[in-house]
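**Q** Below: one structure in C-alpha cells.
The values are calculated or read from the model by the stated rules, or taken from the named source; none is laboratory data. None of the values given here were measured: they were computed from a predicted structure. We place every Cβ from the backbone using ideal geometry, glycine too, and count neighbours over all the protein chains shown. When the accessible area is computed, the model is the full protein with side chains, heavy atoms only, and any ligands, DNA or RNA have been set aside. Shrake-Rupley method; radii C 1.70, N 1.55, O 1.52, S 1.80 Å.
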Amino acid sequence: MEYPYHNPVYNEFIINYLGKYRNLGTFYLQGHPNSWDDVRWNEFTRIIDRLKADGVRFMTVSEYLRDAAHSI
C-alpha cells in the first residue's frame, strides 16, 4: 500500500487491489505510520475506507493464526 515505502498512495493501491490481487482470499497490509504526514494519513484512510466498503475482514496476525489452527 506504500509506493514507495513510507508513502501510502490510494490510486496505486487500487490498481493492484483490483488487478493482480483481486482474487486473493487473504492478504496483508504493512505500513509505516510514524513516517506519514497528514496527506499520507489521508491516503491510508481512503484505502481502509475502500476495503471496509468492500466488506474486507480485518484481523491481526495472531487472530489469523488462531483461526487457521482451529480449521485444521
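**Q** Can you spot a residue in region 50-65 that is touching a Ser or Thr at 6+ places or on another chain (Cβ under 8 Å) and farther than 21 Å from Tyr3 by Cα? So that I can check it myself, show each step before the final result.
**A** So in region 50-65, the residues touching a Ser or Thr at 6+ places or on another chain (Cβ under 8 Å) come out as 64.
Now restrict to residues that are farther than 21 Å from Tyr3 by Cα: 64.
Looking through region 50-65, at least one residue is touching a Ser or Thr at 6+ places or on another chain (Cβ under 8 Å) and farther than 21 Å from Tyr3 by Cα.
**Q** For a quick check of your reading: which helices (runs of 4 or more DSSP H) sit entirely within the chain and have at least 1 residues that are basic (Lys, Arg) and modelled with pLDDT under 95?
**A** Details: elements: 10-18, 38-53, 61-70.
Hits in the chain: 61-70.
**Q** For residues that are basic (Lys, Arg), more than 12 Å from the chain's Cα centre (by Cα) and open to solvent by 90 Å² or more (accessible area, probe 1.4 Å), tally how many sit in region 28-68.
**A** Filtering region 28-68 for residues basic (Lys, Arg) gives 40, 46, 50, 52, 57, 66.
Okay, now just the ones that are also more than 12 Å from the chain's Cα centre (by Cα), so 40, 66.
Now narrow it down to the ones that are open to solvent by 90 Å² or more (accessible area, probe 1.4 Å): 66.
Number satisfying all stated conditions: 1.
**Q** Now for a different question. Which members of region 25-53 meet the condition of being out of contact with any Phe, Trp or Tyr (no Cβ under 6 Å at 6 or more places or on another chain), closer than 16 Å to Asn11 by Cβ and charged (D, E, K, R)?
**A** Arg40, Asp49, Arg50
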